[in-house]
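Worksheet: the structure to be examined is printed underneath.
The values are calculated or read from the model by the stated rules, or taken from the named source; none is laboratory data. Remember, predicted model here, so these are calculated numbers, not experimental data. As a convention, Cβ positions derive from the backbone with ideal geometry for all residues, glycine included, and neighbour counts pool all protein chains shown. Note: areas computed on protein heavy atoms with side chains; ligands, DNA, RNA excluded. Shrake-Rupley method; radii C 1.70, N 1.55, O 1.52, S 1.80 Å.
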Amino acid sequence: MKTIEDLDVAGKRVFVRADLNVPLSDGRITDDGRIRAVAPTIAKLVERGAKVVVASHLGRPKGAPDPQFSLAPVAERLGEILGRPVAFAADTVGESARSAVAALADGEVALLENLRFNAGETSKDDAERKAFAEQLAALADLYVGDGFGAVHRKHASVYDLPALLPHAAGDLIATEVGVLKKLTEDVERPYVVVLGGAKVSDKLGVIDNLLKKADRILIGGGMAYTFLKAKGHEVGISLLQEDQIPTVLGYLAEAEERGVEFVLPVDVLVSAEFPDLKGKTPANPDTVASDGIPADKEGLDIGPKTRELYAAKLADAGTVFWNGPMGVFEHPDYANGTKAVAQALIDSNAFTVVGGGDSAAAVRILGFDETKFGHISTGGGASLEYLEGKTLPGLAALEG
Ligand code: ADP
Ligand code: MG
């Protein structure tokens, strides 16, 4: 894979596909980790006299402009981080984008509006995607792929565009791939994996591969309830992927066969309702054993005994990969499980990798020092699919 050092960027329009998909609350950026992660690549291109055209998606707009998903607040924040103005185009490939790019002097930066305001970006139709990629290609001379969080997507700006322009991988992608590669090769043991979060079916696939690699797998978050149900326990109104129960049972059996330690919560925090994430009114959850969840209640965090158990299971780790919060960490009453795991990673002497948009944001929002972790990935799905051994379209396109 070529790096940006291999490109002659001075005076050229360089399209940087970044992942600036940051969490927003009422138009305010609640975690700017992804902006800070790609800023060094942009700064390097600026220093070398490129005209930098940055593009990203944000959220899941439906292929048409939707103001709640505008990248305008990101342009402002990117400018603050870079310490230089960032021009913002009010569209992606229209008149505003064309004039913003045409106005760039060497060493200047423009951010285009959300790629997903255009149906071609995510289209399953190859021709439709390619047509949009051609419109993007008209805005640039060179392509730098640095949106690690999106490389698992076969999208126009990720997959089709690099085929149309001389291209290279940015520094963020190079770092991310280097770290994940390390996890698939020789790892310091015990190798402990912690999985949680809400996207249960997205994440089960990785277990298949990790069972061949890891020594210990700890399960928390919304994913835990499918496992508890598979073991025959009542899970009340907790997040549940009923159709995945056979798969989950298969994993438990394979873990036993391979001598991989599979650890499920022994207690959980439950409530009759999902917490108020805006007002953060006290939720007053109950703590129950994980085989005693009442039928009318929902599990929303791991309990105190599980926090201790998981901390102990992480204490002697040589390597840790963590994806997915242990509970609904956005509410203070359900943040303790996620905090306990983050602290256990810091306290261990292991090489620790945190992957997942929400997990990475949680670490920072809950006040942990990110330099205490080995690596905080900007990619959730991307890092999981890499570890699953899948070919990632955005990486394959950069290889070509
Ligand atoms: P990541 O982005 O790190 O990959 P996910 O997107 O899969 O993680 O999940 C993050 C979300 O999971 C958080 O918003 C959190 O509130 C939610 N979550 C965690 N535990 C539970 C639970 N028990 N029930 C419902 N949602 C949960
Ligand atoms: Mg997420």
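Within the chain, antiparallel bridges make up roughly 20 percent of the DSSP beta bridges whose residues both belong there. With contacts taken as Cα pairs under 8 Å and at least 6 residues apart, the range 210-338 reaches a relative contact order of 29 percent.
The lysines whose alpha-carbon is closer than 21 Å to the alpha-carbon of Lys12, local same-chain residues fewer than 8 away aside, are Lys2, Lys44, Lys51. Cα-based values for the range 36-192, radius of gyration first and Dmax second, are 16.4, 56 Å. The dipole here belongs to the chain: it is taken about the Cα centre, uses +1 on the Cβ of Lys and Arg and -1 on the Cβ of Asp and Glu, and is about 480 debye.
Peptides 317-329, 50-62, 261-273, ordered by how many other C-beta atoms sit within 10 Å of their residues on average, highest first, read 317-329, 50-62, 261-273. Stretching the chain fully between Asn209 and Asn284 yields a gain of 23.2 nm (0.36 nm per residue, less the alpha carbon separation). Size check on the range 217-294: the Cα extents along the three principal axes, sorted descending, read 46, 23, 23 Å. If you bin all the Cα-Cα distances of the range 283-400 at 10 Å, starting from zero, the percentages per bin are 13, 38, 30, 15, 3, 0. Between Glu95 and Glu134, the distance separating the two model label sites (each 7 Å from Cα on the Cα→Cβ line) works out to 2.3 nm. Treating each Cα of the range 1-62 as an identical point scatterer and summing with the Debye formula, the log10 of I(q)/I(0) at q = 0.16, 0.28 Å⁻¹ comes to -0.60, -1.19. Amide H contacts of Glu261 (H built 1.01 Å from N, in plane; Pro and chain starts excluded): Arg216, Ile217 sit under 5 Å, all sequence-distant by 5 or more or on other chains. Pairs from the list Lys203/Lys390; Lys231/Lys390; Lys182/Lys213; Lys231/Lys339; Lys339/Lys372; Lys339/Lys390 with a Cα-Cα gap above 20 Å: Lys231/Lys390; Lys231/Lys339; Lys339/Lys390. Starting from 0 in steps of 20 Å, tell me what percent of the Cα-Cα pairs of the chain lands in each bin. The distribution over the chain is 28, 53, 19, 0, given as percents.
Taking amide H as placed 1.01 Å from N in the peptide plane, the amide H of Val16 sits under 5 Å from that of Val53, Val54, Ala55, Val144, each at least 5 places away or on another chain.
Helix 126-137 and the longest principal axis of the Cα set of the chain meet at an angle near 50°.
Placing unit charges on the Cβ atoms of the charged side chains and taking the dipole of the chain about its Cα centre, the candidate lying farthest along the positive direction among Asn284, Pro190, Gly400 is Gly400.
Multiplying the residue separation of Ala198 and Leu277 by 0.36 nm and subtracting their alpha-carbon distance yields 26.9 nm. Overall, the accessible surface of the range 226-352 at a probe of 1.4 angstrom is composed of carbon and sulfur to the extent of 49 percent.
Please give the contour-minus-distance gain from Lys305 to Asp26: 0.36 nm per residue of separation, less the Cα-Cα distance, rounded to one decimal in nm. Once the chain is fully extended between Lys305 and Asp26, it gains 96.8 nm. Only Lys, Arg, Asp and Glu carry charge here, each on its Cβ (+1 for the first two, -1 for the last two); on that basis the range 320-392 has a dipole of about 100 debye about its Cα centre.
Take the Cα radius of gyration of the range 1-128 and divide it by 2.2 N^0.38 Å, with N its residue count; two decimals is plenty.
Values: Rg = 14.4 Å, N = 128, 2.2 N^0.38 = 13.9 Å.
The value comes to 1.03.
Nearest 0.05, what FRET efficiency do Ala312 and Leu249 give at R0 = 22 Å with Cβ-Cβ as r?
The value I calculate is 0.25.
When +1 charges are put on Lys and Arg Cβ atoms and -1 charges on Asp and Glu Cβ atoms, the dipole computed for the range 179-269 relative to its Cα centre reaches about 240 debye.
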